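Below: one structure, written as structure tokens.
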Amino acid sequence: MGTQSEEGCDAIRAREILDADQPPWRAIGRLNFASRDRRSHCTGVLVSDRLVLTAAHCLYNSPRKRWIPPSSIRFAAGYQRGEATAVAGIDGYKLHPEQGADGAFDDRTELDWAVLELTEPIGQTVGYLPLASALTPSSFVAGYPGLRPHVLSRTLTCAPLPLEGGMVLSLCPVMMGDSGAPLLVDTPTGPQVAAILSRVGVTPEGITALFLSTEVFDLDP
């Protein structure tokens, strides 16, 4: 993006490609939406047998100005080069109480979260990632960027800066397609989900990513 797009693309391509069909990475997957005139994807992560976290804006069809019906969305866990470890439909999704109150998308970052309930408990077989109790300097992102939409890849360290309202800022090589991807922290027992990618901007310092902490997600039924 911007005047240094080649440098930004190189940073995306430099990300490490992961074995998406292997644990723990297969708990991350692509959220796919398709209609007669549009196809798109975001990234999501399983945090229980049936629950997937992502960004709310992934579920809004901007050209048609309406929310995408759950029946039009599929979650492909462990997706890699056309194959997935498991695929499930969506029974429904939960948004912030103020999100979509008038039927439109509210672009306030603090409202940009969604919890999807799957039709099948595929987390029982592919696994899921626990929520992190705290951010760490060694946090990183794993997702499906638009330049490499068919492989799961991870960034190097994206040092997080906590902000008010559950927002987290970081310089990180992410882009469209990574939306909803987890900001992960390494622990002795494996990666844990600390936040979800909401939006991306360009600054003189590099690609700036804005995340939303999982602390603001409402996981209650």
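What accessible area per residue, rounded to a whole number of Å², is obtained for the chain using a probe radius of 1.4 Å?
Details: 10560 Å² over 221 residues.
Ligands and nucleic acids excluded, the figure is 48 Å² per residue.
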**Q.** Extreme residue, positive dipole direction of segment 1-126, given options LEU46, PRO69, HIS96 (C-beta unit charges)
**A.** PRO69
(Q) For a quick check: with amide H placed at 1.01 Å from N, whose amide H comes under 5 Å from THR119's, ignoring anything fewer than 5 positions away on the same chain? (A) GLY89, ILE90, ASP91
**Q.** Phi to ³J(HN,Hα) by Karplus 6.51 cos²θ - 1.76 cosθ + 1.60 over segment 173-189, Hz, x for Gly, Pro
**A.** x, 10, 7, 3, x, 6, 3, x, 5, x, 8, 9, 10, 7, 9, x, 9
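Filter the chymotrypsin sites (Phe, Trp or Tyr not before Pro) in segment 9-68 down to the DSSP loop ones having no more than 11 other Cβ atoms within 10 Å, then list what survives.
Values: sites: TRP25, PHE33, TYR60, TRP67; in loops: none.
Qualifying residues, ordered by number: none.
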Q | Unpartnered cysteines - no second Cys beta carbon under 4.7 Å - across the chain | A | CYS9
Q | Label corresponding to mean projected area of the Cα convex hull in nm² when calculated from the structure given, among [x] 13.3; [y] 14.8; [z] 11.7 | A | [z]
Q) What is the projected area of the convex hull of the Cα atoms of segment 15-128, averaged over all directions, in nm²? A) 7.6 nm²
Q) How much of the accessible area of the chain, probe 1.4 Å, is carbon plus sulfur, in whole percent? A) 52 percent
(Q) Could you compute the longest span of the chain free of GluC sites (Glu not before Pro) located in DSSP loops and having at most 14 other Cβ atoms within 10 Å, not counting the site residues? (A) 99-204
Q: Return the calculated 222 nm mean residue ellipticity for the chain, to the nearest 500 deg cm²/dmol, obtained by summing -39500 (n - 2.57) across DSSP H runs with n ≥ 4 and dividing by the residue count.
A: -1500 deg cm²/dmol
(Q) Could you give each residue of segment 136-149 its phi-based ³J(HN,Hα) in whole Hz, using Karplus coefficients 6.51, -1.76, 1.60 with θ = phi - 60°, and x for Gly or Pro? (A) 9, x, 8, 5, 8, 10, 10, x, 10, x, x, 6, 9, x
Q) If you project the alpha carbons of segment 86-193 onto the principal axes, what extent comes out on each, in Å, largest first? A) 38, 36, 31
Q) Sequence-distant or interchain residues sharing an amide H contact under 5 Å with LEU183, placed H: which? A) ALA194, ALA195, ILE196, LEU197
**Q.** Separation in nanometres of the label points that stand 7 Å from Cα toward Cβ, at HIS150 and THR208
**A.** 3.5 nm
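The values are calculated or read from the model by the stated rules, or taken from the named source; none is laboratory data. Predicted model, so just to flag it, every value in this text is computed and none were measured. Neighbour counts are summed over all protein chains in view; Cβ atoms, including those assigned to glycine, are modelled from backbone coordinates with ideal geometry. Note: accessible area is taken over every heavy atom of the protein model, side chains too, but ligands, DNA and RNA are not part of it. Shrake-Rupley method; radii C 1.70, N 1.55, O 1.52, S 1.80 Å.
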